[in-house]
Amino acid sequence: MSEEAPEIDRFLALVAAAQGRDNRLTPIQAGLLVAAELGIAHDSRAFARMLGIAHSLVLRELNGLAEREGVLQIVKRDLRTMRVHYTLPPWDEA
């Protein structure tokens, strides 16, 4: 059995848990958040490549997340490649 299998299972479990906490998240949106949290991907192209999905789908879902206040921050947009760099907002520890 591949060593990647447990990591994939863990990623998918975290995506499902994120959707369980917020039923407005699509699977791709939850995946974007989990990938950022785990440090797996912080830009749209890397995420699209990692999952083997179209970059345009990732961009659409990323933009939807960015419209929701406090969920995700767009750090940089590369107009030539259409790559969007993103991060999770800092947690308030108040």
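The values are calculated or read from the model by the stated rules, or taken from the named source; none is laboratory data. These numbers come from a predicted model, not from an experiment. As a convention, Cβ positions derive from the backbone with ideal geometry for all residues, glycine included, and neighbour counts pool all protein chains shown. Surface accessibility is based on the protein's heavy atoms, side chains included, excluding ligands, DNA and RNA. Shrake-Rupley method; radii C 1.70, N 1.55, O 1.52, S 1.80 Å.
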Could we say that R24 is open to solvent by 80 Å² or more (accessible area, probe 1.4 Å), under 18 Å from R77 (Cβ atoms) and not polar (S, T, N, Q) here?
no
Please go through the stretch 56-75 and pick out each residue that is aliphatic (A, V, I, L, M), at pLDDT 90 or above and either touching a Gly at 6+ places or on another chain (Cβ under 7 Å) or in a helix (DSSP H, G or I) (or both).
L57, V58, L59, L62, L65
Does F11 satisfy being at pLDDT below 95, of a type outside the set (S, T, Y) and either open to solvent by less than 80 Å² (accessible area, probe 1.4 Å) or assigned to a helix (DSSP H, G or I) (or both)?
yes
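Kindly indicate which of V84, V71 is surrounded by 14 or more Cβ atoms within 10 Å (Cβ to Cβ), touching a Lys or Arg at 6+ places or on another chain (Cβ under 8 Å) and among the β-branched types (V, I, T).
On the way: V71 fails: touching a Lys or Arg at 6+ places or on another chain (Cβ under 8 Å).
When all the criteria are applied, what remains is V84.
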When both residues are 6+ apart or on different chains and their Cβ atoms are under 7 Å apart, which pairs have a first residue that lies in the stretch 76-90 and is over 17 Å from R49 (Cβ atoms) and part of a loop (DSSP other than H, G, I, E, B), and a second that is open to solvent by 50 Å² or more (accessible area, probe 1.4 Å) and of a type in the set (D, E, K, R)?
L88/E37
Residue in the stretch 40-55 that is least open to solvent (accessible area, probe 1.4 Å), counting only those that are without any contact (Cβ under 8 Å) to a residue 12 or more places away in the chain, assigned to a loop (DSSP other than H, G, I, E, B) and within 21 Å of R10 (Cβ to Cβ)
A41
Does the stretch 45-53 include one or more residues that are at pLDDT below 95, aromatic (F, W, Y) and in contact with a helix residue (DSSP H, G or I) (Cβ under 8 Å, 6 or more places away or on another chain)?
no
